[in-house]
Amino acid sequence: EDQVTQSPEALRLQEGESSSLNCSYTVSGLRGLFWYRQDPGKGPEFLFTLYSAGEEKEKERLKATLTKKESFLHITAPKPEDSATYLCAVQASYNQGGKLIFGQGTELSVKP
Amino acid sequence: DAGITQSPRHKVTETGTPVTLRCHQTENHRYMYWYRQDPGHGLRLIHYSYGVKDTDKGEVSDGYSVSRSKTEDFLLTLESATSSQTSVYFCAIRGGENTGELFFGEGSRLTVL
């Protein structure tokens, strides 16, 4: 069964304290792995797509990396405005409908 | 801005009543999706559409039906709402035929009493 597990469930950081979020996945052939940011009361906002092991993507203080079993979202010197829930999702290669399987998310809180 | 509008944004209803949620897009995308989001479960796919009148079930489709009579509109119907269908519902569109990225609407919060 295809599955996505994110850890930790919640993470509290001080401003400037770098850390990483983990997304472990089990899928029958990976077509793509996706990272989203979700603010309270809003829909998920697309951040990155990773397609193959070794690939990295960066955007401001965020960097996403991918291995054959997991992905990391590294947050360098975070600011309070980075506080949000970060969601990871995968698309299986056999999936013809573009359906994504989501993890439960990591709720990040950055204190000034 | 992905051009997705969901309505209503908030609704309170009673058990046994029918409810329809609407998703409207202005981008002319072929694929549209309905997800629900619940604490402890994350986002789960209810139904999706790959064209006008072409729909398919997701992992939690029981109790829900969908219709797509126009490219821009994707309707989710709860024929007889139950308390277990209290949730936040998100519509999404696929960014392109050869991409996997989904772009989400702002959500519709449904409470079934």
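The values are calculated or read from the model by the stated rules, or taken from the named source; none is laboratory data. Note that the structure is a prediction, hence the values are computed from the model and not measured. Every residue, glycine among them, receives a Cβ derived from its backbone with ideal geometry; neighbour counts consider all protein chains shown. Just the protein is used for accessible areas: all its heavy atoms, side chains included, with ligands, DNA and RNA removed. Shrake-Rupley method; radii C 1.70, N 1.55, O 1.52, S 1.80 Å.
Brief remarks follow.
- Members of the range B:69-84 found to be within 13 Å of the chain's Cα centre (by Cα) and open to solvent by less than 10 Å² (accessible area, probe 1.4 Å), listed by number: B:Phe74, B:Leu76, B:Leu78
- Within this structure, B:Glu106 passes the test of being within 12 Å of chain A (Cβ to nearest Cβ), in contact with a strand residue (DSSP E or B) (Cβ under 9 Å, 6 or more places away or on another chain) and either closer than 22 Å to A:Pro44 by Cα or touching a residue at least 12 places away in the same chain (Cβ under 8 Å) (or both).
- Counting residues in the range A:64-77 that are exposed (fewer than 13 other Cβ atoms within 10 Å of the Cβ) and among the small types (Gly, Ala, Ser) gives one or more.
- Identity of the residue in the range A:19-33, of a type in the set (S, T, N, Q) and open to solvent by 30 Å² or more (accessible area, probe 1.4 Å), that ends up modelled with the lowest pLDDT: A:Ser28
- Hey, B:Tyr64 in contact (Cβ under 8 Å) with a residue 12 or more places away in the chain, touching a strand residue (DSSP E or B) at 6+ places or on another chain (Cβ under 7 Å), at the interface with chain A (Cβ under 9 Å from one of its Cβ atoms) and surrounded by 13 or more Cβ atoms within 10 Å (Cβ to Cβ) or not: no
- The strands (runs of 3 or more DSSP E) falling completely within the range B:1-61 that include 1 or more residues that are within 14 Å of another protein chain (Cβ to nearest Cβ), surrounded by 14 or more Cβ atoms within 10 Å (Cβ to Cβ) and touching a residue at least 12 places away in the same chain (Cβ under 8 Å) map to B:4-7, B:19-25, B:32-38, B:42-51, B:54-57.
- Matching residues in the range A:85-105 - criterion: being more than 11 Å from chain B (Cβ to nearest Cβ) and open to solvent by less than 10 Å² (accessible area, probe 1.4 Å): A:Tyr86
- Meets criteria (out of contact with any Lys or Arg (no Cβ under 7 Å at 6 or more places or on another chain), within 14 Å of chain A (Cβ to nearest Cβ) and part of a loop (DSSP other than H, G, I, E, B)) for B:Gly100: no
- Residue in the range A:57-69 that is farther than 16 Å from A:Leu87 by Cβ, among the hydroxyl-bearing types (Ser, Thr, Tyr) and out of contact with any Leu (no Cβ under 6 Å at 6 or more places or on another chain) present: yes
- Set A:Tyr36, A:Tyr51: member being surrounded by fewer than 16 Cβ atoms within 10 Å (Cβ to Cβ) and either touching a Leu at 6+ places or on another chain (Cβ under 6 Å) or within 11 Å of another protein chain (Cβ to nearest Cβ) (or both): A:Tyr51
- Among (1) in contact (Cβ under 8 Å) with a residue 12 or more places away in the chain; (2) under 12 Å from the mean Cα position of the chain (by Cα) - the single one A:Glu45 does not satisfy: (1)
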